[in-house]
Amino acid sequence: MKKLLMIAAVAVFALNASAADGFKSSKPLDNTYISLQGGVYEPLTGQDILKDARPVIRLSANKFFNTVIGASIWGQAYINNNNFNPDNMYKFYEHSAATGCGNKTIVDGLNVGISGLVNLNNLFAGYAGAPRFFEVVAEAGVGYFHQFGAQKWNASTGQLDDVNSNWRNVAHSTINFALNCNFNINEKWQIGLRPEVQFAENTTHLNSQFAQVQVTAGIAYNLGDVFTPIVPRSQEEIDGLNGQINSLKGQLASKDNEIAAKNKEIEALKKRPAPVEKVRDVTNVISNAATNVFFKIGSAKIADPKDFVNLDAVAAAAIKSGSRVVIMGTADSKTGSAKVNQKLSDARANAAKEYLISKGVAADMITTAGEGGVDTLQPSNLNRRALVELK
């Protein structure tokens, strides 16, 4: 057994070293197949074809590390139909040759183990960039077999004895050889046919008297993707890409310098004193035949005596010169809604107009308009006004 394991390890190392390269799989579950198969098994020698055949179920997980080498973890359950030839000493099991009864359980044997896989198509013909429709994968491995519910004929007592009390009587290691004939329907699904020979460890040689043969078939599903080609890059292309990378690095460094300079400018501007905003002179005096009438918040009523004096002066000037009078009403945009400010600015212009009419200015010589809310003057309360001008 040890010699066989050493030989297998050397073979796997040599095949892996010579495996085809230029292909990759990026995910852990790429090229990992879960396989479920069913079939029959019987003794390798001395069997009565079909008469000695018994059912078997096989479940395995197969992983390929490159396009040639893989590994498999598997388990096989042997179904008991008591279909042993009583004239044939089937030494893979402990059973009574006199009665032909191997055991008394539904599953009378279980074999679990690990195997190495070699894709023969890819080894000798290379990988074509995708799985071939038909592939042959060689398999060799070791297993651990245990028999359930075994009985053995006791000649001294003339009856069957239960041998499960001695674990060694019903358990042994196995050496397994198989060929997996796989039909790849697509990159996910396979249909497989698998002949196999198993040898028990009862002898130091692979003795056919301690062996069984089985044939199973079933389906397999790939949990990930298949191997994909690695696109080679020419040195010229690599140099070009390196040039682009260096150019981008230079642009990035330049942008960093620009950002640093802008940050310095921002910091310098923050340290400068704020400019003093000049406030327009809007005192209630006649200047260039224009005056302002100011109102309280939310009001369109003229209340300041100075405003009446200034309006009297505008009325006298308009009557004397025959000039038109233009009145623009405004409101403070910081208070009230746009709709309210519009109405308020219209009312303030009309208030100034009504007063001028009362002082003798013809109504058709006066034009009014409401500008709504504004923030032209500082402080903001000065925006609550009516500007009266001669044109």
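The values are calculated or read from the model by the stated rules, or taken from the named source; none is laboratory data. Predicted model only: the values in this text are computed from it and were never measured. Cβ sites come from the backbone with ideal geometry, for glycine too, and all protein chains shown count toward neighbours. Quick note on the areas: whole protein, heavy atoms, side chains included, nothing else; ligands and nucleic acids left out. Shrake-Rupley method; radii C 1.70, N 1.55, O 1.52, S 1.80 Å.
Miscellaneous remarks
- Filtered by the rule that a residue be surrounded by 15 or more Cβ atoms within 10 Å (Cβ to Cβ), assigned to a helix (DSSP H, G or I) and at pLDDT 90 or above, the stretch 358-381 gives a lone residue, M365.
- Hits in the stretch 337-351 - residues which are out of contact with any Ser or Thr (no Cβ under 8 Å at 6 or more places or on another chain) and either touching a residue at least 60 places away in the same chain (Cβ under 8 Å) or surrounded by 13 or more Cβ atoms within 10 Å (Cβ to Cβ) (or both): V340, Q342, K343, L344, A347, A351
- Yes/no for G322 being touching a Leu at 6+ places or on another chain (Cβ under 8 Å) and not basic (K, R): no
- Only a single item in (1) touching a strand residue (DSSP E or B) at 6+ places or on another chain (Cβ under 6 Å); (2) more than 25 Å from P379 (Cβ to Cβ) is not met by G322, and it is number (1).
- If you check K334, K339, K343 for being closer than 20 Å to D375 by Cβ and in contact with a helix residue (DSSP H, G or I) (Cβ under 7 Å, 6 or more places away or on another chain), only one passes: K334.
- Being open to solvent by 30 Å² or more (accessible area, probe 1.4 Å), at pLDDT 90 or above and under 16 Å from N119 (Cβ atoms) is a property that F65 has.
- Scanning the stretch 104-122 for residues that are of a type in the set (D, E, K, R) and open to solvent by 40 Å² or more (accessible area, probe 1.4 Å) yields a single hit, K104.
- Residue list for the stretch 290-316, restricted to those being aliphatic (A, V, I, L, M), open to solvent by less than 40 Å² (accessible area, probe 1.4 Å) and outside any helix (DSSP H, G or I): A290, V293, A300, I302
- Candidate set from the stretch 236-289 (those that are closer than 30 Å to I366 by Cβ and open to solvent by 100 Å² or more (accessible area, probe 1.4 Å)); member that is modelled with the highest pLDDT: N288
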